[in-house]
Each structure stands twice: as structure tokens, then as C-alpha cells.
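The values are calculated or read from the model by the stated rules, or taken from the named source; none is laboratory data. These numbers come from a predicted model, not from an experiment. With ideal geometry, Cβ positions are generated from the backbone for all residues, glycine too; neighbour counts draw on all protein chains shown. Surface areas here come from the heavy atoms of the whole protein model, side chains and all, with no ligands, DNA or RNA. Shrake-Rupley method; radii C 1.70, N 1.55, O 1.52, S 1.80 Å.
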Amino acid sequence: MDDPRYPIGPFRLSGRADPTSRARCIAEIAAAPGHLRAAVSDLTPAQLDTPYREGGWSVRQVVHHLPDSHLNAYTRFKLALTEDVPTIKPYAEARWAELSDVWTTPTETSLTLLECLHRRWVLLLRDLQASDFARTFRHPEQGRTIGLDEVLEMYAWHGKHHVAQITFLRSRMGWS
């Protein structure tokens, strides 16, 4: 691993927008909450407060970040499905990771929130047609429109990315 920020590598869009690729991404989104729960199982409060890399977020921040981020993605999906090229609202994810609820909310709350969110999101995703995945939203910070096929692939990667940060930390620290 060359860059500890990206233990599975940075996101790279495959460019494949077909039923097989979509089904794989949906399966990865469905599996993400269980993988996160397994990655943090039996960690002590001190371990949860350990940054996954120097200068990086703590495990606790990563756990709370995932439902924050995926709630935004889910909302963006629904906006794109119900409006014509809506402009989404970006959010300051690094600042969200510093809010007091990150430090006071039990990680179990965010694990459960992610599980429930993904159950609902996956039901929606499995019901979409190819034309639905072609829908887009405008991202004002990126100055471009983004298609739901790209968002689907990005969030399939995103869950695996953050779980890998935790599992690599566990391995590096010898936390079995």
C-alpha cells in the first residue's frame, strides 16, 4: 500500500454501466454495513479513538462518517430520480466529522443507521431501470453533472474504502 489514505486505491470509474456491473455495485452497497460492523467489532474506546493513519480520522470518525456520507448519496439519488438535473447541496464532510455528535454518539447508533439506510437504498437500487441510472444531478463544487451510474460505483467503492482503512489499522496494530 503506497498511500495509507487509500488502502484499496483511489476511486476510479470503470466506465462499465451494464446490468452486471450495477448488480455487483448494489451487492457491495448491501454488504457494506456488515463489513463495517465486523471491522469495528470488539474495539475498545481507545482503539475507536485511534486515527487510521497519521493526520487521519479516528476509527470513530470513520464509523460516523459513513452514514453521514451515504445519507447524502441516498438523498442525491432520490433528487436525481425525481427532478430534472437538480443541483445538489455539497456538505463539509471534514467539518461534520468534528461535530460533537461524533464524539458523544455510540458507534452502535451509526452502525444501525447505516444498516437501515442501506436496506432501504438497496431496495430502491434493485428496482431501478437502466434509464434511471442515466439520470444526473449537478454538483456545484465540481462544476459538472454526475450520472447515477457513477454515483453507484463511487459508493460501492466508498464503503469498501473506509472499511479497509479500519481493517488495515487493525492489522498494523495487531488488534485481532
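Among the residues of the stretch 141-161, are any touching a residue at least 24 places away in the same chain (Cβ under 8 Å), out of contact with any strand residue (DSSP E or B) (no Cβ under 8 Å at 6 or more places or on another chain) and of a type in the set (K, R)? Yes, the stretch 141-161 contains at least one residue that is touching a residue at least 24 places away in the same chain (Cβ under 8 Å), out of contact with any strand residue (DSSP E or B) (no Cβ under 8 Å at 6 or more places or on another chain) and of a type in the set (K, R).
Report yes if some residue within the stretch 29-38 is within 14 Å of L148 (Cβ to Cβ) and not charged (D, E, K, R); otherwise report no. Yes, the stretch 29-38 contains a residue that is within 14 Å of L148 (Cβ to Cβ) and not charged (D, E, K, R).
Listed here are the residues, each with its yes/no results for (1) open to solvent by 40 Å² or more (accessible area, probe 1.4 Å); (2) modelled with pLDDT of 95 or more; (3) closer than 20 Å to L66 by Cα.
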{"residue": "R120", "(1), (2), (3)": "yes, yes, yes"}
{"residue": "A134", "(1), (2), (3)": "yes, yes, no"}
{"residue": "H161", "(1), (2), (3)": "no, yes, yes"}
{"residue": "M173", "(1), (2), (3)": "yes, yes, no"}
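For the stretch 12-22, the set of residues classified as open to solvent by less than 60 Å² (accessible area, probe 1.4 Å) and either in contact with a helix residue (DSSP H, G or I) (Cβ under 8 Å, 6 or more places away or on another chain) or part of a helix (DSSP H, G or I) (or both) consists of S14, A17, S21, R22, listed by residue number. Based on this model, can you work out whether A94 counts as open to solvent by less than 70 Å² (accessible area, probe 1.4 Å), over 17 Å from the mean Cα position of the chain (by Cα), farther than 13 Å from A32 by Cβ and of a type in the set (A, V, I, L, M)? No: the conditions fail for A94. Restricting attention to the stretch 125-176 and to residues that are of a type in the set (F, W, Y) and within 21 Å of the chain's Cα centre (by Cα), the residue that is nearest to F11 (Cα to Cα) turns out to be W157. Within the stretch 164-176, residues that are over 9 Å from Y52 (Cβ atoms) and among the hydroxyl-bearing types (S, T, Y) sit with their Cβ atoms under 7 Å from residues that are open to solvent by less than 10 Å² (accessible area, probe 1.4 Å) and in a helix (DSSP H, G or I), at 6+ positions apart or across chains, in these pairs: T167/A39. Contact map, the stretch 83-100: residues that are farther than 18 Å from G55 by Cα and β-branched (V, I, T) paired with residues that are assigned to a loop (DSSP other than H, G, I, E, B) and modelled with pLDDT of 95 or more, Cβ distance under 6 Å, separation 6+ or inter-chain. Pairs shown: T87/P140.
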